[in-house]
Every structure is written in structure tokens, then in C-alpha cells.
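Derivation of every value follows stated rules applied to the coordinates shown; laboratory data play no part. These numbers come from a predicted model, not from an experiment. Cβ placement follows ideal geometry from the backbone for every residue including glycine, while neighbour counts extend to all protein chains displayed.
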Amino acid sequence: MNDHPGAAVRHTGRNPISGTPEAPGPAVWTEDRSPEERVLTHPLFGEPNIRTPPGVEAYHAGKRRMLDGIAGFCVLGDPGMGRRGVLKMMRGYLSQEFPRLAVIEHVLSRHALMTPSAVLSSLLVSAGHSVVGGSRIAQLQRLLNLQEEKALISGAPLSVVILHNAEYVNEVVCETLLDLHDGLRLHGIRPFTISGALLDPFVTRMSQLAGSLHVTELRSVFGSVHYLRFLEGIEDYTAVLAEIDTLLVGHPNPTTWTEALLPLAYRGGFRLTSQAPALHAGVVSQVPTGRFPVRDLFDVVRQVLAMAASLDSPEFEIPPDSWAEAVRIVMGIGIAYLPGVSSAGLG
């Protein structure tokens, strides 16, 4: 997984995807901290933005569409496929490859009854503008001026909007984005929307919107579609585990994510990538196809590593059956309270 932007700048004290400073400092990552403290302060146990093979594929496909002059790129996936993480990763990669590019990252609300003014106000907030009120015309002009200024500074006549939760899009949001697109084009700037959505709700929503908006209008906002795939096979699992082995936390004396959790085992030669065959076998034991959602994979890794942190030693090795047990537990979450979910097929 070395064919990605920013491969040479991974050890900088900043998250290589999001660009945000790594924290906390190096004092946290010492073996005199309790296992519980190492777990609670570790980025893996927050909301990590870890590069995955499906995410890298989506970025390259989206960048290709952007450079080809297509108006938009829509990432679709089933629940647990990591579409939000993919959009965050795409934003990070764009910032690395095109650091001066005009980009707005926006999260659509589940609240459907938004006025045009409310939509513009939320877009202005996402764009970082300090003045969000006023008439709709004034709001739109403010947003256009901001994006035009960023485009002029970047030297690229391009404005990118990254849209999370596109399954919640409605007619008002679409019309607002279309007005923004028209204004940008009038000033010689090409709009490009990167959106992410749950597959089935998005398809349903597009069918509903097709009754009030022309298909060419919907296509100009959402462009081409990219379907996220499941993780499957030892190669995919190795790539994800290698990220945890090599990402750094803490500065000015950073340590790898694996060492931060298992300092003694790491110094004794343990590397998480060595666990890829056992992880794969654990997944296949519960899911014969071997196709596993990203969210579930991270839940499994967190569970195993939380257990491992309390057993850290120079000779420590993760018991192979730990992975199958973690997969079984993660797949069973919700069977006691979610309707229509049973333990059948959990092995």
C-alpha cells in the first residue's frame, strides 16, 4: 500500500491523512502507564482515520474523475463499509497533493425541513466563514466570493465540496448546490462534488428527487458512482494492520501505534502484521466468504488489542483463537435488542 500521496511524509508528528497534530505527547506512551490508560489515550480507540485498500481505490478513482473534468464523484456503500472515513481520507489526500485547493467539507443534517437560507448558513459555517446570516442572495454571494478567492489563490479554477451523509439530500440542498455551481461557472471556476452515502437510502432518494429535478441536474451534482467493496483476503488485512504498525503518535519523540499499546512486546519483535493470517482465519471461521466490513474489522482489532495490552511482555504473542472469538463477539453485537437479528450463522 505504498502507492498513495504523502507516502514519504508519514513520520512528521502529524496525522498523515487528516493533517492534524498527533496527541497526546510522548509522556503518555511509556510502559509505566497502566494498560487501561494506554488503551483510553490511544488514537485507535477514538475515531481513527486509517488508510484501507478500498479507501485508496476510492481516492484514486475520485481524483481521476476530478482531473477528467467530471462534475462529481459519489462514494456509495452499505452500513459499516467506512464511507465517512473514506471521505475524510480523500480530504486528507487532496490537502497533501493539492494543498491550496478550495475545499469545503460539509455534513448534511438528518433534519429534512431546512430552508434555503439554513442550507447556505450551514455551508458558510463549513467553509469557515464568520458571517453566516443575511438574505439568501447575500449568503450565496458570500460563499461564492470565498470559493472564488480560494480558487484564485490556489491557481486552479476548481472548487471542491465534500458532502457527508448524501442520503439525506433533499430538493432544497440540491437547488442550493446547483445555484452555487452556476455562480462558480459564471466566474470560470469548475465545481466538483465528492459525496458519500448509504447505498439503498441514496438510490431511493434519487428516485424521489427525479420527480422534481432533471436527471442532468442530479448528475451535475453527484457525477459518477463508486461502490465501496468489503475487505477480503490476507492482503487486505495485512495492509490495514501495517498501518497500525507504522502510524506514529506523540511528538517530538513519536512512537508507532503498536508500540504505544504493547511497548514490551513491540521491543521484543512483535508486529501486528504477523497476525494477518490468524485474523483472516478468524473472519473466515464466522464469515465463509471472508468479506468483512471495515467498521467490524476495526472493532475486532480494538477488542483483541485491548486484551493484549493487559498481557504485554517481551515474549507476548496473541493467541490465534483470540481473533475468531473477537469476530464472533463483534458479529453478535445487537442480537439481543435489534429486531430481525439472530445469532444464526455466527458459528
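Data overview
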item: Beta bridges per DSSP with both ends in the chain, % antiparallel, nearest 5; result: 15
item: For the chain, with +1 on Lys and Arg beta carbons and -1 on Asp and Glu, the positive-most of His251, Pro191, Gln96 along the dipole; result: Pro191
item: The chain: angle of helix 321-332 to the longest principal axis, Cα-based, in degrees nearest 10; result: 40
item: 18 Å cut-off, amide nitrogen to a point 7 angstrom out along Glu315 Cα→Cβ, residues in the stretch 245-262; result: none
item: Spread of Cα-to-Cα distances over 10 Å intervals beginning at zero, given as percent, for the stretch 272-327; result: 24, 57, 16, 2
item: Net charge contributed by nearby residues that have their C-beta within less than 10 Å of Ser310 (K/R +1, D/E -1); result: -1
item: Cβ-based net charge around Leu87, under 15 Å, with every Lys or Arg adding one and every Asp or Glu removing one; result: +4
item: The stretch 53-227: equivalent-ellipsoid semi-axes (sqrt of 5 x gyration tensor eigenvalues, Cα, Å); result: 22, 20, 15
item: Placed amide H near Asn49: partners under 5 Å, 5+ positions off or other chain; result: none
item: Principal axis box of the chain, alpha-carbon based, largest edge first, Å; result: 66, 50, 35
item: Helix 171-186 axis, angle to the chain major axis (alpha carbon atoms, nearest 10°); result: 70
item: Bins of 5 Å, starting at 0 and running to the largest distance - Cα pair percent for the stretch 198-347; result: 2, 8, 14, 16, 14, 11, 10, 9, 7, 5, 3, 1, 0
item: With Cα atoms, 0 to 90° folded angle of helix 83-97 axis to the chain main axis; result: 80
item: Relative contact order of the stretch 53-227, pairs being alpha-carbon contacts under 8 Å that are 6 or more residues apart, as %; result: 35
